[in-house]
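Quick notes on the structure that follows.
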Amino acid sequence: MNKKNSQPLSLRVPEPSGRPGDTPDFSHLQMDPAGVVERPEVGSTPYQMRDLAFRLIRVLDDEGAAVGPWNPRLDPETMRRGLKAMILTRAFDDRMHRAHRQGKTSFYMKCTGEEAIAVAQGMILSREDMGFPTYRQQGLLIARGYPLVAMMNQIYSNAEDPIKGRQLPIMYSAKDYGFFTISGNLGTQVPQAVGWAMASAYKGDDKIAISWIGDGATAEGDFHNALTFASVYRAPVILNVVNNQWAISSFQGIAGGLETTFASKAIGYGLPALRVDGNDFLAVWAATQWAEERARSNQGATVIELFTYRGAPHSTSDDPSRYRPGDEHEKWPLGDPIERLRQHLTVIGEWDDERHAAALKDAVEKVRAAGKESEAIGTLGQSRPSVKTMFEEVYATEDWRLIEQRREVGV
């Protein structure tokens, strides 16, 4: 029986707060002042701390002071190392982005504005713990001293490419540095990290895993499947959601960011959730340290939403001026991670303009020197791994078909 005078149904398509030409508007964001969010005991139940999925853990205030219960009280030298690693990461990004524009590589992705996340977490965890990164965690390698030349060789796919041309540029792999091979498929990092962590626990090992995905990848089934396993088996893993506000051209609301926080997705799986200012080096450090202690004490996984902003294009194939206000990054209310840590160190008398200028100069010189060494080997198309490498390291014992194919190619 048809009902009369019924209202027509309609779909809502979420829209960002600003498009090109608009004034940036961040009034809708949920953000606590620095220092006001409580720090629960590591053994707290997810139910007891569920409010933290909707708050925002911050340590550095607007004046550069470290305040509140989440202050990790790092020594100045550790903070200086973190600041220099972030500066070096940005200098590396800038040079490799220019290299793409010069036709030296086919692809590159910067992490401008997100450096505090990978650098802080890369410094906290051991190289023996396994990280499952996406393509914006180059700071992990740089903070751990991975050779810049090797990173460039992989980007150029030249004869010294450590992955022998088997990956797209920027999809590094460095087991000895706790850096699992990057997968370009969205969301794969989470089940891989949970599985690795479960295996570590099953063997009675003492190593934990950590993963990173973007906000958009939380809409993938892999994310939800992995959270079930992480919860049920108490996998010793840290699961990061880097909410940088934008995918390649769609904003975080398309993945559900207007309905709730991404951290809150953990609540339905019985997992603890932290929502953290991703541009605050000290807050990232403190939250990661909390989750690490929980994982190492057999209390299971933690989901961390790192609230930040992608300042650069999604990749060299992207033009953000077509979908967001041009000055939106400059108006981001949580500032720049490098400038905020610089301000804090200056306030406590452990940094100054002269040392900052020297750090910038040193970073540029290190990247330039690495660039000269790598480009002498060759950039895109100038040199490449030997053809025979495509037949190597496929099987422990060569399959007869591979042997036949090698003969046909003559290698």
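The values are calculated or read from the model by the stated rules, or taken from the named source; none is laboratory data. In this text the structure is predicted, and so the values were computed from the model without any measurement. Cβ: placed from backbone, ideal geometry, glycine included. Neighbour counts: every protein chain shown. Ligands, DNA and RNA are excluded from the accessible area calculation, which covers all protein heavy atoms including side chains. Shrake-Rupley method; radii C 1.70, N 1.55, O 1.52, S 1.80 Å.
Observations on the structure shown:
- Residue match in the stretch 251-259 (condition: in a helix (DSSP H, G or I) and in contact with a strand residue (DSSP E or B) (Cβ under 8 Å, 6 or more places away or on another chain)): yes
For (1) open to solvent by 30 Å² or more (accessible area, probe 1.4 Å); (2) touching a strand residue (DSSP E or B) at 6+ places or on another chain (Cβ under 6 Å); (3) among the aromatic types (Phe, Trp, Tyr), each residue gets a yes or a no:
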position: Ala53; (1), (2), (3): no, yes, no
position: Arg58; (1), (2), (3): yes, yes, no
position: Gly64; (1), (2), (3): no, no, no
position: Arg73; (1), (2), (3): yes, no, no
position: Arg80; (1), (2), (3): yes, no, no
position: Met86; (1), (2), (3): no, no, no
position: Thr89; (1), (2), (3): no, no, no
position: Glu114; (1), (2), (3): no, no, no
position: Ser126; (1), (2), (3): yes, no, no
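- Of residues in the stretch 334-354 being more than 26 Å from the chain's Cα centre (by Cα), surrounded by fewer than 16 Cβ atoms within 10 Å (Cβ to Cβ) and not β-branched (Val, Ile, Thr), the one farthest from Arg90 (Cα to Cα): Gly349
- Which listed residue is touching a residue at least 12 places away in the same chain (Cβ under 8 Å) and closer than 25 Å to Lys110 by Cα, from Arg368, Arg406: Arg368
- Output for the stretch 128-150, where each listed residue is surrounded by fewer than 24 Cβ atoms within 10 Å (Cβ to Cβ) and among the charged types (D, E, K, R): Glu128, Asp129, Arg144
- Test: Tyr309 is hydroxyl-bearing (Ser, Thr, Tyr) and over 18 Å from the mean Cα position of the chain (by Cα): no
- Residue match in the stretch 175-187 (condition: within 29 Å of Tyr47 (Cβ to Cβ), out of contact with any Pro (no Cβ under 8 Å at 6 or more places or on another chain) and in contact (Cβ under 8 Å) with a residue 24 or more places away in the chain): yes
- Counting residues in the stretch 64-75 that are in a strand (DSSP E or B) and hydrophobic (A, V, I, L, M, F, W, C) gives one or more.
- From the list Arg55, Arg19, Arg39, the lone residue that is of a type outside the set (A, V, I, L, M, F, W, C) and in contact with a Pro (Cβ under 6 Å, 6 or more places away or on another chain) is Arg39.
- Looking only at the stretch 272-316, and only at residues there that are of a type in the set (Asp, Glu) and either modelled with pLDDT under 95 or in contact with a helix residue (DSSP H, G or I) (Cβ under 8 Å, 6 or more places away or on another chain) (or both), the one that is surrounded by the most Cβ atoms within 10 Å (Cβ to Cβ): Asp280
- Subset of the stretch 202-216 (residues that are touching a residue at least 40 places away in the same chain (Cβ under 8 Å) and either more than 13 Å from the chain's Cα centre (by Cα) or open to solvent by less than 10 Å² (accessible area, probe 1.4 Å) (or both)): Asp206, Lys207, Ile208, Ala209, Ile210, Ser211, Trp212, Ile213, Asp215
- Scanning the stretch 91-112 for residues that are open to solvent by less than 10 Å² (accessible area, probe 1.4 Å) and in a helix (DSSP H, G or I) turns up Phe92, Asp93, Met96, Ala99.
- Of everything in the stretch 361-410 that is part of a loop (DSSP other than H, G, I, E, B) and touching a Ser or Thr at 6+ places or on another chain (Cβ under 7 Å), the residue that is nearest to Leu148 (Cα to Cα) is Thr379.
- Members of the stretch 47-106 found to be more than 21 Å from Ala369 (Cβ to Cβ) and among the β-branched types (Val, Ile, Thr), listed by number: Ile57, Val59, Val67, Thr78
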